[in-house]
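The values are calculated or read from the model by the stated rules, or taken from the named source; none is laboratory data. As the structure is a prediction and not an experimental result, all values here were calculated from the model. All Cβ positions, even for glycine, are placed from backbone atoms using ideal geometry, and neighbour counts span all protein chains on display. We work out accessible area using only protein heavy atoms, side chains counted, and drop any ligands, DNA or RNA first. Shrake-Rupley method; radii C 1.70, N 1.55, O 1.52, S 1.80 Å.
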Amino acid sequence: MRGEFPDFRLGSVLATSFTGTLSERHGDAVERIPTPHRLVDWLAVNGLAVDSCTTAQLDLAKELRESIHAVATAAAVQDPLPASAVHVINDRSAQGRAAAVLTPEGKRRWQLGSASSVEDALGVIAADAISIIAGERDGRLALCASPTCRAAFFDTSQSRTRRWCDMNTCGNRQKKARFLAKQRSTPRSAE
C-alpha cells in the first residue's frame with residue numbers, strides 16, 4: 001500500500017468497511033481512497049483484486065459508497081430508505097459479474113468476471129450491502145456514537161450494543177475525552 005495515504009480502517013463486513021473509506025464525515029473528513037490506485041489497493045486488501053481503475057470507475061465506487069452509507073444510516077435509525085441510493089446499490093449489484101467460489105480451506109472467495117473489472121468488485125460490495133440491509137445476516141446496523149464520525153457499522157456483538165465503528169479510533173478517542181474532562185473537573189489534592 002502507498003504510505004502517503006491514511007491507513008484503511010478494515011472491518012469484518014465488506015459493505016460497511018467500504019463506507020469507512022470516508023471517515024470523520026461530521027468533522028474533518030478523511031478520504032482513504034482519493035485516487036484510482038488507492039481504490040485498487042483497498043479492493044486487493046479485501047480480496048477483490050483488480051488490475052487497474054480509471055477516474056470514472058473511482059467515481060462509481062464513491063457513488064456506491066455514499067449510497068450504502070445513506071441506506072445503512074436510514075436503516076440504522078429506522079427511517080425510510082432513500083430511493084436514489086437504493087437505485088444505485090441495485091444497479092451496481094446487477095452490473096457485477098462475480099461468482100462466489102469455495103476455497104480448499106472451506107472459505108468463500110469472490111471470483112470476478114474479469115481480472116480488471118472494478119464494476120465486478122463493486123457488484124460484490126453492493127450485494128453485501130443488500131444482504132445486510134435486508135436483514136439476511138445475524139447482526140444489526142448501528143451508527144457510531146462519535147459525533148464527528150457517525151459511521152454506519154454492522155454490530156455482530158453478542159449483546160448488539162456496540163457503540164463505536166472502531167474501538168481503536170472512535171471509541172478510544174471518546175474514552176480519552178471523557179477521562180480528560182473528568183480529570184479537569186476533579187480538584188487535585190494538596191501534597
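First compute the accessible area of the chain with a 1.4 Å probe, then give the percent of it belonging to carbon and sulfur atoms.
Taking all protein chains in place, the chain shows 51 percent carbon and sulfur surface.
Keeping every protein chain in place, order R150, R109, R160 by accessible area at 1.4 Å, biggest value first, i.e. largest first.
Ranked from most to least accessible, the order is R109, R150, R160.
With a 4.7 Å Cβ cut-off, tell me which Cys residues in the chain come up empty for a partner.
Lacking a cysteine Cβ partner under 4.7 Å: C53, C170.
L122: net charge of surrounding residues, Cβ under 14 Å, Lys/Arg +1, Asp/Glu -1, itself excluded?
Overall, the nearby charge balance is -3.
Excluding L64 itself, what net charge comes from residues whose Cβ is under 12 Å from its Cβ, given Lys and Arg +1 and Asp and Glu -1?
Working: positive: K62, R65, R92; negative: D59, E63, E66, D91, E119, D128.
Once all neighbours under 12 Å are counted, the net charge is -3.
At a Cα cut-off below 15 Å, give the aspartates and glutamates reachable from K175, other chains included and same-chain residues fewer than 8 away excluded.
D166
Pick out, from A75, A100, L122, the residue whose Cα sits farthest towards the positive end of the charge dipole of the range 30-128, with +1 on the Cβ of Lys and Arg and -1 on the Cβ of Asp and Glu.
The Cα lying farthest towards the positive end belongs to A100.
About the Cα centre of the chain, what is the dipole size in debye to 20, counting +1 per Lys and Arg Cβ and -1 per Asp and Glu Cβ, all else neutral?
1000
Which helices pass in the chain if a helix is a full DSSP H run, must span at least 24 angstrom along its long axis by Cα, and must have mean Kyte-Doolittle hydropathy not below -0.5?
In the chain, the long hydrophobic H runs are 55-76.
Between A181 and D59, what's the calculated FRET efficiency when r is the beta-carbon distance and R0 is 45 Å? Round to 0.05.
0.60
Give me the percent relative contact order of the chain, please, defined on Cα pairs under 8 angstrom at least 6 residues apart.
20
Please compute the Kirkwood hydrodynamic radius of the range 37-93 from all pairs of different C-alpha atoms, in Å with one decimal.
With all distinct Cα pairs of the range 37-93 included, I get 12.3 Å.
Over the alpha carbons of the chain, what is the largest minus smallest coordinate on each principal axis, giving the biggest first in Å?
Ordered largest first, the chain gives principal extents of 71, 38, 38 Å.
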